[in-house]
1. Output the number of the condition that Trp171 fails; it satisfies all remaining conditions of (1) in contact with a Leu (Cβ under 8 Å, 6 or more places away or on another chain); (2) not in a strand (DSSP E or B).
2. Can you tell me how many residues in region 280-302 are touching a Phe, Trp or Tyr at 6+ places or on another chain (Cβ under 7 Å) and surrounded by fewer than 17 Cβ atoms within 10 Å (Cβ to Cβ)?
3. Answer with yes or no whether Glu271 is modelled with pLDDT under 75, acidic (Asp, Glu), exposed (fewer than 13 other Cβ atoms within 10 Å of the Cβ) and in a helix (DSSP H, G or I).
4. Taking the criterion of being in contact with a helix residue (DSSP H, G or I) (Cβ under 6 Å, 6 or more places away or on another chain), touching a residue at least 24 places away in the same chain (Cβ under 8 Å) and under 25 Å from Val133 (Cα atoms), would at least one residue in region 182-198 satisfy it?
5. Filter region 189-215 down to the residues that are small (Gly, Ala, Ser) and either surrounded by 13 or more Cβ atoms within 10 Å (Cβ to Cβ) or closer than 18 Å to Ile292 by Cβ (or both) and list them by number.
6. Would you please name the residue that is surrounded by the fewest Cβ atoms within 10 Å (Cβ to Cβ), looking only at residues in region 143-167 that are modelled with pLDDT of 85 or more and of a type in the set (D, E, K, R)?
Amino acid sequence: MTDRPPDPTEKSPARRKESQLRRTGSIVPQQSVQGKALLAVIVIMSFLACLTIGAVSMIRTTADSWASQISREITIQIKPDETIDMEQKLLEARDLALSFVGTRDGQVLDKEATSRLLEPWLGTGLDIDELPVPRLVVITIDEQNPPDFAAMRAELQRKIPQAYLDDHRTWVDRLVSMARTTVFIGSGVLGLVFFAMVLTVIFATRGALAGNRHIVEVLHFVGAEASFVAGEFQKHFLMVSLKGSLAGAFLAAALFASLSWWQNARIATPEADQAAALFGSFTIDWTGYAGIFLTMAVIAALTTITARFTVMRTINEIDQVRSDPGRLDG
């Protein structure tokens, strides 16, 4: 019997094993307790991550809106004094402020408007003349070309010593600081969620490898490349992560949409006003929704990369054991 030359088109036993495995199914169990638990964990992690992204976007948008509204106006307060004519001083303060470049309009708050401002704290039926309450002048300014507040404040102090100019810079700075702190905290929470998810995927991958270690060892022994085995696990965990992250992102987006609908449907009601005072508007812009679905993609990528890295490391450990019989005997 003569030996025939090897056919270059004929597959090696390892290649035939890989092809047969590709036809019959994956070496990773598609339906298992570990797989269902991992899917549930990814859904929860994705929901929390997307919820954090949406909340940060919502708070940042609300803070920017508040800062913009505050920075459009400045307030001149005139303290009550028996030696001055309050109404005349209010008009003088308004005219003086409007003489500066960068101011647009001025309005003197009358006694009724001042009483309405104090109603939440002092109730209705107030007599402003009997209370030492400062009177206010509201000046609208040009945000792009604001006036010289220092010069205006000095001129007011020179002509009307009882006047005090409030440019609301303190409140704007506080809102900006709050927004930055919120973004920082949200980024920290997001990092913790991603870290916990990576650890979960590592344990799930090692569990799947432990249950199929004999198959992995046989395939690797007959010549299956480590990249092929890692690819099988990678595809499995990619599908699981896509399903879980999509479900979590959809739940987070649905929650924000439902809260926004509830707030709009109950506008001008006490509960909606209280929620708006505490949290602002529940509406998030397109950047928030883009961040939610970007988070979904990041979760899927992290899960896939983590699974591949874990499988490659495990196969490397198998190779080390095979190359060191002493470790195997021990």
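1. (1)
2. 0
3. Values: modelled with pLDDT under 75: yes; acidic (Asp, Glu): yes; exposed (fewer than 13 other Cβ atoms within 10 Å of the Cβ): yes; in a helix (DSSP H, G or I): yes.
So Glu271 fits the description; yes.
4. No: zero hits.
5. Result: Gly191, Ala196, Ala204, Gly207, Ala208, Gly211.
6. Arg158
The values are calculated or read from the model by the stated rules, or taken from the named source; none is laboratory data. Please read all numbers here as calculations on a predicted model, not as lab measurements. Reconstructed Cβ throughout: ideal geometry from the backbone, glycine too, with neighbour counts over all protein chains shown.
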